[in-house]
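What follows is one structure encoded as structure tokens, with my remarks underneath.
What follows draws every value from the coordinates through simple rules; no lab data is involved. Just so you know, these numbers come straight off a predicted model, no measurement behind them. Please note: Cβ atoms are built from the backbone with ideal geometry, for glycine as well, and neighbour counts cover all protein chains shown.
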Amino acid sequence: MKVTLVMALTLDGKIGRSPDHFPDWTGKEDKKSQEISNDIEKEGFSDAVLAGGALVNSLFAEEKLIDEIIVTISPKIFGYGISLFSDEIFMDLELAAAERVGSELVYLKYKVKK
């Protein structure tokens with residue numbers, strides 16, 4: 001099964017300020033993750049979208065279960081907070097797509113080299 005990690009990040013690579021920080025800071029243009037989920041379901045695919053937190057992301061990464069990473073970069077800097085992964089993770093990535101979303105966001109799609 002193909003697993004795609006989908007996250008919104010600040011410019012300094014954070015997914016939130018704390019574990020209970022609700023991700024309402026991404027802006028209305030950041031609807032890619034919902035669009036992706038809807039498209040996958042409509043087309044009858046059995047692929048999974050991983051939209052967990054740093055711990056869940058790390059668990060999947062450690063087992064080499066992530067095939068793609070899609071991030072939306074927001075023009076915010078938290079300075080502290082939760083990273084995309086909770087553990088030291090190494091992945092070799094290949095840029096598959098990059099596009100501007102609205103006036104402030106950047107959508108990036110990477111394939112994980114295995």
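Listed by first and then second residue, the pairs with beta-carbon distance under 8 Å, at least 6 apart or on different chains, first residue in the stretch 83-98 and farther than 10 Å from Lys113 by Cα, second β-branched (Val, Ile, Thr), are Ser83/Ile15; Leu84/Ile15; Leu84/Val71; Ala98/Val106. Restricting attention to the stretch 50-77, the residues that are more than 15 Å from the chain's Cα centre (by Cα), in contact (Cβ under 8 Å) with a residue 12 or more places away in the chain and surrounded by fewer than 14 Cβ atoms within 10 Å (Cβ to Cβ) add up to 4. Within the stretch 99-114, how many residues are surrounded by 15 or more Cβ atoms within 10 Å (Cβ to Cβ) and either over 15 Å from Ile66 (Cβ atoms) or touching a residue at least 60 places away in the same chain (Cβ under 8 Å) (or both)? Looking only at that region, the number is 4. So, in the stretch 78-88, of the ones that are more than 15 Å from the chain's Cα centre (by Cα) and not small (Gly, Ala, Ser), which residue ends up surrounded by the most Cβ atoms within 10 Å (Cβ to Cβ)? The extreme case among them is Phe78.
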